[in-house]
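The values are calculated or read from the model by the stated rules, or taken from the named source; none is laboratory data. Being a predicted model, the structure only gives us computed values, none of them experimental. Glycine also receives a Cβ, built like all others from the backbone with ideal geometry; neighbour counts cover every protein chain displayed.
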């Protein structure tokens, strides 16, 4: 759905970037709206969806990146002999994010080259197979990775920042910074007849236990101090 909505914007961006004439008066497009209108007028709807098929392969990019990221974290924590869900420091998260992004880009980047060449107004191709065949014959494997270094420089910092913020938001209040697990029960603020504040617990399934007639929500991950809850004196 996202690709279907944004593909005309990618076509417009590619066309505008490839206007390399030194004479301003000879430029085909004056801006984004002008490009959209002219592409539709001269090439119809298919013109706005050039490169759509190779773009479909780009949907796997995010899946590959998250898979690599989670596998790297799991193996790294196993190497350190800590729980698989233990929290890491910012530098470790940055390293994992960068490596997973490099893996995803190296795996899926050729589709971006194919898509861009299909959208190029200066060359005509018969389709995806034609682009792949001509690129391979004329440039070899390296032809499918043209521009990969600037692309990595552009996307990797944003990816690292995103994952560091995401992981630190996942930690939340009440989480131990070293183990990544919920803090002991005595550190949680409770009120008589009230439930634990949900923001202090993880987003796992909740259960309610009866404690002297009072309902208290507890996370499934807090079983290690359930006995403390049951023995608490809620009368004071």
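Data for the structure
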quantity	calculated
Residue in region 48-60 that is surrounded by fewer than 13 Cβ atoms within 10 Å (Cβ to Cβ) and without any contact (Cβ under 8 Å) to a residue 40 or more places away in the chain present	no
Selection count, region 61-84, where residues are in contact (Cβ under 8 Å) with a residue 60 or more places away in the chain, touching a helix residue (DSSP H, G or I) at 6+ places or on another chain (Cβ under 8 Å) and surrounded by fewer than 16 Cβ atoms within 10 Å (Cβ to Cβ)	1
Condition met for residue 90 (under 24 Å from residue 6 (Cβ atoms), within 19 Å of the chain's Cα centre (by Cα) and exposed (fewer than 14 other Cβ atoms within 10 Å of the Cβ))	no
Given (1) surrounded by fewer than 11 Cβ atoms within 10 Å (Cβ to Cβ); (2) more than 26 Å from the chain's Cα centre (by Cα), number of the condition residue 1 does not satisfy	(2)
Of all residues in region 27-43 being over 33 Å from the mean Cα position of the chain (by Cα) and at pLDDT 85 or above, the one that is surrounded by the most Cβ atoms within 10 Å (Cβ to Cβ)	38
Residue check for residue 111: without any contact (Cβ under 8 Å) to a residue 24 or more places away in the chain, more than 17 Å from the chain's Cα centre (by Cα), assigned to a helix (DSSP H, G or I) and surrounded by 14 or more Cβ atoms within 10 Å (Cβ to Cβ)	no
Residue identified as under 12 Å from residue 159 (Cα atoms), modelled with pLDDT under 90 and assigned by TED's automatic domain parsing to the domain that holds residue 167 among 58, 62	62
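So that you can scan it fast, the table gives a plain yes or no per residue for (1) under 22 Å from residue 64 (Cα atoms); (2) not in a helix (DSSP H, G or I):
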{"residue": "124", "(1), (2)": "no, yes"}
{"residue": "130", "(1), (2)": "no, no"}
{"residue": "143", "(1), (2)": "no, no"}
{"residue": "152", "(1), (2)": "yes, no"}
{"residue": "155", "(1), (2)": "yes, no"}
{"residue": "158", "(1), (2)": "yes, no"}
{"residue": "161", "(1), (2)": "yes, no"}
